[in-house]
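Take this structure first; my questions come after.
Nothing in this text is a laboratory measurement; each read-out follows from the coordinates by a stated rule. On a predicted model such as this, the values are computed, not experimentally measured, just so you know. A quick note on method: Cβ atoms are made from the backbone with ideal geometry, for glycine too, and the neighbour counts reach across all protein chains shown.
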Amino acid sequence: MTLAVSVRQRLGSFALDAAFESRGRLTALFGPSGSGKTSLVNLIGGLTRPAEGRIAVDGRVLVDTAARVFVPKHRRRIGYVFQDARLFPHLTVRQNLRYGRFFTPAGERYSDFGRVVDLLGIGELLERRPSRLSGGEKQRVAIGRALIASPKLMLMDEPLAALDEARKAEILPYIERLRDEGEIPIVYVSHAIAEVARLATDLVIMAAGKIEACGPAAGLLSRLDLADTAGRDEASALIDLVMVGQDAEFGLSVLRSTAGEWRVPRVEVPPGAKLRARIRARDVMIAMAPPSGISALNVLAATVEELREDGPVDVLLALRSGADRLLARVTRRSRAQLELAPGRAVFAVIKAVAFEGYNAAYAAPADHQDLP
């Protein structure tokens, strides 16, 4: 699926001027609040009209102001999931799920009710009303309602923003399953880098109504010129790993990337499973020789590829280790003391706890690589 967008729109003093093209399974629109993410996704969904521009999904033109084409939202075959679930309170979960199907012509309905229910794990909820659901359950039902309408594209506008951390952790695996098994491309709006790093195959970075960059998520997140987009403390890189086995004695999992072997807090996935991990620059230390007598479990041989001064105190480094790219933040004093420069051989030291929380998850099939 190819999504091609080129639009201009003015909302009061805010000007949106955005153009991008994506073929990703899950394309994340990422940027700070007020950058234009929701305005852009509303244009794709047909909730608003651009002053000028063109939007096409797999060659089907939804908007072309020059040709005076504007397909109404109910004919676009787009599923939309908002921050709040917006379920009908007087209907059961089963009735809410079936509601969207009424607007899809019988000959164009491809979604199987039972498969969607199984995909989202909501079989036990079918006879409940929304008042008896948790926040995470409501969002799963909202996603199911959009899927059962047999959309050609899913739009998800910060679907986790209203949830606490426990509910976010509950629903993220279901969005991963939708990305990997649902066969429907997703445009996902978020200003949370942890969500984007975990879910996105492709990334569109926005700021002040414009597109700053667009491309595969792993490549963009490790670029030094974009590293601080998510906030200075969240600069990070994505690493693809494969599960090797478990260290049962110490509750650790053994993973492998092209950089070497990693030991991390136990991950319950089968041997051979492929994972994606987000490693923050602040969690990476630099050594000039293999260190001994330290608590960190992961020490990887690397080479400095490039560096950039980041404020009056710090320097941001891009490291190459195997085919992996890591970021590390050090002080200017450390750079001078260690004589760090492009081409310098170093060792990257990463604590196992860097993998906690959202920082390790199944990799999207589109992101899979053959690992040694």
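Mind checking which of SER321, ALA341, SER190 is farthest towards the positive end of the chain's charge dipole, using Cβ charges of +1 (Lys, Arg) and -1 (Asp, Glu) about the Cα centre?
The residue sitting most towards the positive pole is SER190.
Sticking with this structure for a sec: Using θ = phi - 60° and the Karplus curve 6.51 cos²θ - 1.76 cosθ + 1.60, what whole-Hz ³J(HN,Hα) does each residue of the range 63-78 get, with Gly and Pro shown as x?
After applying 6.51 cos²θ - 1.76 cosθ + 1.60, I find 9, 8, 5, 5, 9, 6, 9, 8, 7, x, 4, 6, 10, 7, 6, 10 Hz.
Against the empirical 2.2 N^0.38 Å scaling, what ratio does the C-alpha Rg of the chain come to?
Expressed relative to 2.2 N^0.38 Å, the Cα Rg reads 1.07.
What's the extension gain from ALA345 to GLU261 if we count 0.36 nm per residue and subtract their Cα-Cα distance?
Result for the pair: 28.4 nm of gain on full extension.
Evaluate E = 1/(1 + (r/R0)^6) for ILE294 and ALA166, where r is the Cβ-Cβ distance and R0 equals 25 Å; express this FRET efficiency to the nearest 0.05.
Calculated value: 0.15.
Of all DSSP beta bridges located in the range 3-221, what percent are antiparallel, nearest 5?
Antiparallel bridges make up about 60 percent of those DSSP assigns within the range 3-221.
Report, in order of residue number, the helices in the chain meeting two criteria: a C-alpha extent of 15 Å or more along the helix axis, and a mean Kyte-Doolittle hydropathy of at least -0.5; treat each whole DSSP H run as one helix.
135-148
For VAL346, enumerate residues with amide H under 5 Å from its amide H, sequence gap 5+ or separate chain, H modeled in the peptide plane.
ALA302, THR303, VAL304
Another question, if that's okay. Give the residue list of trypsin sites (Lys or Arg not before Pro) in the range 63-123 that are DSSP loop and have at most 10 other beta-carbon atoms within 10 angstrom.
Those that pass, being in a loop and sparsely packed, are ARG68.
Compute the relative contact order of the chain as a whole-number percentage, counting only Cα pairs closer than 8 Å that sit 6 or more residues apart in sequence.
16 percent
Which pairs in the list LYS168/LYS210; LYS152/LYS210; LYS210/LYS351; LYS37/LYS351; LYS138/LYS351; LYS37/LYS138 are over 32 Å apart, alpha-carbon to alpha-carbon?
Over 32 Å apart, Cα to Cα: LYS210/LYS351; LYS37/LYS351; LYS138/LYS351.
Could you work out the equivalent-ellipsoid semi-axes for the range 3-111, taking the square root of 5 times each eigenvalue of the Cα gyration tensor, largest first, in whole Å?
Equivalent ellipsoid semi-axes, largest first: 27, 18, 14 Å.
Which FRET efficiency, nearest 0.05, do ARG232 and VAL353 yield, Cβ-Cβ r, R0 22 Å? Provide the component values of the computation, followed by the final result.
Details: r = 20 Å, r/R0 = 0.92.
The calculated FRET efficiency here is 0.60.
I would also like to ask the following. Report the extension gain between GLU127 and PHE14 in nm, rounded to one decimal, defined as 0.36 nm multiplied by the number of residues separating them, less their alpha carbon distance.
Result for the pair: 36.2 nm of gain on full extension.
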